[in-house]
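Comments concern the structure below.
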Amino acid sequence: MVTDASTRANLLISGELNAAAVEGPDQDRLDAAGFEYAGTINPIGQMLFNERPDRPTSDPLVREALILGYNHEDAAQVVSGGRPVELTSWITEAPFTCFSETPVWERPASDPARAGQLLDQAGWTAGADGTRSRDGDPLSINFIYDATSSSHASAAELVAQDWDELGIATNLIAMDGAAWSEYLYETFDYDTGWIQIGVGSPVTQNLFYGGAFPEDGGLNFMGTRNEDYLGYAALASSAANEEEACGYWKQAEQIVVENFHTFLLTGTIRPTYMSGATFEITDYIQPVTIRMTE
């Protein structure tokens with residue numbers, strides 16, 4: 001096992017490895033040296049929301065305001081480490097069931113002025129010092145992100161700066177493996193963050209957006225309950241064939257995105273570089289596609 005990315009890059013360059021996953025600054029070195037790669041989609045810039053009644057993000061107006069209230073282009077560049085890849089579907093892994101090359105939804109553009117109007121409409125008004133509150137309670141957002149990702153941390157700080165200008169206080173909370181489980185499935189003490197669902201089928205997506213809550217043994221850690229979505233999910237589940245099912249699932253996907261249950265800001269590619277070999281990757285290297293070139 002070679003755990004250090006720089007060491008893996010060195011071994012690729014020396015020809016001692018035929019394949020290795022390398023991310024971060026060493027990617028630039030391999031790209032400059034002409035190494036090619038195959039990769040999988042990482043929805044690194046996806047945001048999800050805690051929609052339980054006691055959280056401000058239970059209100060779709062607040063969710064929309066948070067999405068519109070920061071600079072998307074800057075955040076996409078930073079969170080992807082300068083390698084943004086457009087996300088066109090909520091499906092990001094093999095077997096890419098009901099995957100869309102062209103989005104079935106419209107991604108809203110950044111609009112801080114509109115975000116402020118939405119917060120006013122939701123009752124979160126700005127005081128003399130610019131801080132927003134409602135019924136005496138300040139608007140404070142717990143934003144969680146992966147502690148091991150430097151790009152997550154930097155992009156979270158950018159978002160927090162933009163939200164601060166709207167009068168929103170943001171608590172940035174770095175998550176390790178144990179903390180993810182605790183916050184998402186036990187305490188639910190978060191509002192949003194760089195939180196991703198990478199799956200290969202809308203049937204699996206439904207476990208998160210339409211399934212039981214964790215307190216009932218399910219995976220719907222966001223507490224999402226949208227009746228229109230559930231209706232399309234039910235139609236998809238009883239469809240006569242895959243084409244019909246995918247049509248319903250895409251309508252369900254549109255509802256999830258356009259009702260601000262998630263925001264698919266940007267993705268990136270998890271690269272596996274090649275040295276003296278070529279291959280294809282779905283969610284792993286496909287053995288039958290390996291061809292030695294040296």
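Bear in mind these aren't lab numbers, they're just calculated from the coordinates by the rules spelled out. Keep in mind that this is a model prediction, so the values were computed, not measured. Note: ideal-geometry Cβ built from the backbone for every residue, glycine included; neighbour counts use all protein chains shown.
Couple of notes before you dig in:
- Subset of the stretch 77-90 [touching a residue at least 60 places away in the same chain (Cβ under 8 Å) and under 25 Å from Gln27 (Cβ atoms)]: Val78, Val79, Ser80, Gly81, Arg83, Pro84, Val85, Glu86, Leu87, Ser89
- Residue pairs meeting the criteria (Cβ under 7 Å; at least 6 apart or on separate chains; first in contact (Cβ under 8 Å) with a residue 12 or more places away in the chain, in the stretch 4-21; second among the hydrophobic types (A, V, I, L, M, F, W, C) and in a helix (DSSP H, G or I)): Ala9/Leu30; Leu12/Leu30; Leu17/Leu11; Ala20/Leu11; Ala20/Leu12
- Of the set (1) part of a helix (DSSP H, G or I); (2) crowded, with 20+ Cβ neighbours inside 10 Å, all apply to Tyr190 but (1).
- With respect to the conditions (1) surrounded by fewer than 18 Cβ atoms within 10 Å (Cβ to Cβ); (2) within 23 Å of the chain's Cα centre (by Cα); (3) free of Cβ contacts under 8 Å to residues at least 60 places away in the same chain, Tyr232 falls short on a single one, namely (1).
- Qualifying positions in the stretch 1-58 - under 19 Å from Thr293 (Cβ atoms), part of a loop (DSSP other than H, G, I, E, B) and among the acidic types (Asp, Glu): Glu16, Glu36
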